[in-house]
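Colleague: Take a look at this one; I'll ask things after.
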Amino acid sequence: MKDVTLLTTQTCPYCKMAKEFLTQNHIRFVEKDINFDAEARNELARRNIKGVPTLFIGEDVVVGLDKEKILKLVDHRIVECPNCHTKLRVPTNKATNVRCPKCKNNITA
């Protein structure tokens, strides 16, 4: 499954909207604030990207909050087991039923 990294700043309203969008759509992501993370800031400079939010989704890059493009590129969702509350990363192309590895409960994703 593709990893999702969201590059942000604390003062960017669109970054806040991007975080809310990813969370609401049950997409697992790692946030990196370019004001505090020099490596993330350098990655933007290396790619000549001048804005945030920027999402790295696997090998793909999305600059700005392009919701349709993000949903097309992301290949997973996060589901929570109602029995033990373990969070599972489930591929979007899988069947809708998965088994929790912790408690063996069947979950409809």
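The values are calculated or read from the model by the stated rules, or taken from the named source; none is laboratory data. All figures in this text were calculated on a predicted structure; none of them were measured in a lab. Positions of Cβ are backbone-derived with ideal geometry, glycine not excepted, and every protein chain shown enters the neighbour counts.
Colleague: Going through K87, K102, K50 one at a time, which residue ends up being on the phi < 0 side of the Ramachandran plot, in the same structural domain as T11 (by TED's automatic domain parsing) and out of contact with any Gly (no Cβ under 9 Å at 6 or more places or on another chain)? I'd like the intermediate steps shown before the answer.
Modeller: Working: K87 fails: in the same structural domain as T11 (by TED's automatic domain parsing); K102 fails: in the same structural domain as T11 (by TED's automatic domain parsing).
Answer to the selection: K50.
Colleague: Going by the structure shown, is D66 within 15 Å of T5 (Cα to Cα) and in contact with a Lys or Arg (Cβ under 6 Å, 6 or more places away or on another chain)? So that I can check it myself, show each step before the final result.
Modeller: Values: within 15 Å of T5 (Cα to Cα): yes; in contact with a Lys or Arg (Cβ under 6 Å, 6 or more places away or on another chain): no.
Taking the combined requirement at face value, the residue does not satisfy it.
Colleague: Moving on to the next point. Among the strands (runs of 3 or more DSSP E) lying completely within the range 1-57, list those that include at least 2 residues that are free of Cβ contacts under 8 Å to residues at least 24 places away in the same chain, out of contact with any Ser or Thr (no Cβ under 8 Å at 6 or more places or on another chain) and surrounded by 13 or more Cβ atoms within 10 Å (Cβ to Cβ). It would help to see each step written out before you state the result.
Modeller: On the way: elements: 4-8, 30-33, 54-57.
In the range 1-57, there are no strands (runs of 3 or more DSSP E) which contain 2 or more residues that are free of Cβ contacts under 8 Å to residues at least 24 places away in the same chain, out of contact with any Ser or Thr (no Cβ under 8 Å at 6 or more places or on another chain) and surrounded by 13 or more Cβ atoms within 10 Å (Cβ to Cβ).
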